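**Student:** If you scroll down you'll find the structure; I have some questions about it.
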Amino acid sequence: MRQPFGKLLLFGATGDLSQRMLIPSLYGLHADGLLPQDLTITGTARSTLSDAEFRDFAAKALDTHLPEDRKDAGAIAAFLDRLQYQQLDASDLGGYAALAEKLGDISNGLAIFLSTAPKFFEPTIKGLASAGLAGSNVRIGLEKPLGTDLPTSREINDAVASVFPEERTFRIDHYLGKETVQNILALRFGNSLFEPIWNAAGIDHVQITVSETVGLEGRAGYYDEVGALRDMVQNHILQLLALIAMEPPARFDGTSIRDEKVKVLRSLRPIAGREAGDLTVTGQYTGGASTGKIVAGYAEELGKDSRAETFVAIKAHVDNWRWQGVPFYLRTGKRMTERRSEIVVQFKPVPHSIFAERGGVLQSNTLIIRIQPEEYVRLLVMAKEPGLDREGVRLREVPLNLSLEHEFAGTRRRIAYERLLLDLLEGDPTLFVRRDEVEAQWTWIDAIRAGWETADVKPKPYAAGTWGPSAAIALTERDGVTWNE
Ligand code: BG6
C-alpha cells in the first residue's frame, strides 16, 4: 500500500455532493481508523464560513445522512476536529495564496478533490499552480461533469494536464467505487467457469439497465443541458460495458485494467448519421405515478418545454473478435418503474435439445448481476421438476443464487466515495478513469448526438413510473429479445 497523504482539500465543500456523499464517506473512513492520524480536511467554497460554521455544516450533514448505528458522538467530535474552512472565489486568482496559507505545510502531500462547474476548471488549476498547490506531492481527483463533448473535455483535460501529469490526475466515476461493480472483476477473473464461454460463441446478448425513480431533483440547470446520454451512458454505463467486455488483464493494477478497458471503448461500433434514429430510442417522462406518488412530467418540473432526453436506450456493438455479432442493449432513465442497476448476460441455447421429443422446453441460461439496490449474482439454469414424467419431462428455470447481502452479511456496505477517497489519498489509480478512456467514451457519444441532429430525433413521451417509451421495447423485440423486467 502506498503512503497516504497528510492533507485533503475539498472544493465545493458546502455543495450537495459534499453533504450527501463526501463528508459521510470521510467520516466512515475516520470512524474505522482508515484515515492517517494527522490528516486535516480543508473545505473551500464560495460562501463565507468560519471553521466552526463549516464544522456545524458537516455535523448536520452527518446527522442527516448517516445511518443511526454509525453515529458515534466521540468519533464524530474527533472527525469534526480534522475540518477547517477557507472561503474562495475560484475564478479569482488572488484568493489562492490565502488558501495555501490555510492549508499550511503540505510537505507530507496534498490530495485535492475538485468538483466544480466546467467554467471554473481552468482558473482553479491556474490558481492552484500559482499558490504552489500543484507540486509533485499533490494529486487531484476530478468529479464530473468534465466537459459536455470531446472538445470541451479535451479543453478541461489539457488545462489540468498543463499542471498535473496524468499519474497525479484521478478522474472519478463513482460507479467504479461500488462494491458490486468491482465484483464483476472477481466474477469474471476469479472463476474459471465463465471465461471460456464469455464471447460471441457462448453469449447471445448483454443488457445493461440503470433505471432510477427520481426526477430532476433540483438539478435542472445541469441536467437539462446534458440529458441521459451524457449524464449516465457516457460514463457509468460505458464503464460497466467495458468491465463486462474487456479481455482478461495481466495484472490487477491501473495500467493493465485501464489498457483493457480502453481497447473495448475504442472498439465500440460508431452509431452515426441516420443510424442513430434506428439504433437508439430517446424519451422524456410525462406526469404519472412513481413509487406510489403522483409526479409531474419533466417539462412541468422544468417550467418549460425541452428536448432533453430523460431516457435513452441503445443497441450497441463491440467490434472485435470476442464480441462479433453480440448486441449490447443499454438503457437508462429517470422516473422509471423502479431503481435498478443490473447487467444481464444471456447465454446461447444448447446446440441440441434431447428433451424436445419428450415435451421438455429449454430456456437459455441467464446471468444477472444486480448492482443495486439489491446486490446479487444470479445464474438461471434449467432443472427438472420432480415427478414421474408420465406426460413428458417438465423442465423449469431455477436460480443459482449468490446474494452478496446474505453471504457477506457481517460486512458493512460502504459508500462508493469511501473507496475512491481512500484510493485518492493512497494514490491507487486503478478505479479512476484514464484520459484515453474518457476520450474514447466521448467520441462514441458525440457521434450519436450528431446522428440525432441529422435524423432530427426527438424524445418520445413516456409516463413516469414506466419502463420508458414503447419504442424501447421494440428496439429489442425486433431481435427477439425481451428486456429483463
Ligand atoms: C450521477 C448522475 O452521476 O449518477 C445522476 O449525474 C444519477 O443523475 C446518479 O442520479 C446515479 O447514481 P447512483 O449511485 O444513485 O446510481
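The values are calculated or read from the model by the stated rules, or taken from the named source; none is laboratory data. Note that the structure is predicted; figures quoted are calculated from it, not measured. With ideal geometry, Cβ positions are generated from the backbone for all residues, glycine too; neighbour counts draw on all protein chains shown.
**Student:** Would you mind listing the helices (runs of 4 or more DSSP H) fully within the stretch 252-343 where at least 3 residues are aliphatic (A, V, I, L, M)?
**Tutor:** Hits in the stretch 252-343: 254-267.
**Student:** Condition first: of a type in the set (D, E, K, R) and more than 10 Å from the ligand (Cβ to nearest atom). Now tell me which residues in the stretch 224-254 satisfy that.
**Tutor:** ASP224, GLU225, GLU247, ARG251, ASP253
**Student:** Can you go through ILE208, ILE203 and tell me which one is hydrophobic (A, V, I, L, M, F, W, C), within 16 Å of the ligand (Cβ to nearest atom) and in contact with a Lys or Arg (Cβ under 8 Å, 6 or more places away or on another chain)?
**Tutor:** ILE208
**Student:** Hey, among GLY221, GLY215, which residue is within 16 Å of the ligand (Cβ to nearest atom), without any contact (Cβ under 8 Å) to a residue 24 or more places away in the chain and either under 30 Å from GLY465 (Cα atoms) or not in a helix (DSSP H, G or I) (or both)?
**Tutor:** GLY221 is the lone residue from the list that is within 16 Å of the ligand (Cβ to nearest atom), without any contact (Cβ under 8 Å) to a residue 24 or more places away in the chain and either under 30 Å from GLY465 (Cα atoms) or not in a helix (DSSP H, G or I) (or both).
**Student:** Still on this model: For the stretch 355-408, give me the residue count where each residue is more than 16 Å from the ligand (Cβ to nearest atom), not β-branched (Val, Ile, Thr) and not in a strand (DSSP E or B).
**Tutor:** Matching residues across the stretch 355-408 total 24.
**Student:** Given the conditions (1) surrounded by fewer than 16 Cβ atoms within 10 Å (Cβ to Cβ); (2) touching a strand residue (DSSP E or B) at 6+ places or on another chain (Cβ under 6 Å), which single one is not true for VAL377?
**Tutor:** (1)
**Student:** Taking the stretch 356-374 as the search range and keeping residues that are without any contact (Cβ under 8 Å) to a residue 60 or more places away in the chain and touching a strand residue (DSSP E or B) at 6+ places or on another chain (Cβ under 6 Å), which one is farthest from VAL233 (Cα to Cα)? Outline the logic, then answer.
**Tutor:** Keep residues of the stretch 356-374 that are without any contact (Cβ under 8 Å) to a residue 60 or more places away in the chain, which gives 356-363, 365, 373-374.
Imposing the further condition that a residue be touching a strand residue (DSSP E or B) at 6+ places or on another chain (Cβ under 6 Å) reduces the set to 360, 362-363, 365.
Working: GLY360: 40, LEU362: 34, GLN363: 30, ASN365: 27 Å.
Of everything passing the filter in the stretch 356-374, GLY360 is farthest from VAL233 (Cα to Cα).
**Student:** Please list, ordered by first then second residue, the pairs with beta carbon atoms under 6 Å, 6 or more apart or interchain, first in the stretch 1-30 and modelled with pLDDT of 95 or more and in a strand (DSSP E or B), second β-branched (Val, Ile, Thr) and surrounded by fewer than 19 Cβ atoms within 10 Å (Cβ to Cβ).
**Tutor:** Sorted first by the residue in the stretch 1-30, then by its partner, the pairs are LYS7/THR40; LYS7/ILE106; PHE11/THR116.
**Student:** Across the stretch 457-485, what is the total count of residues that are in a loop (DSSP other than H, G, I, E, B) and touching a residue at least 24 places away in the same chain (Cβ under 8 Å)?
**Tutor:** 13
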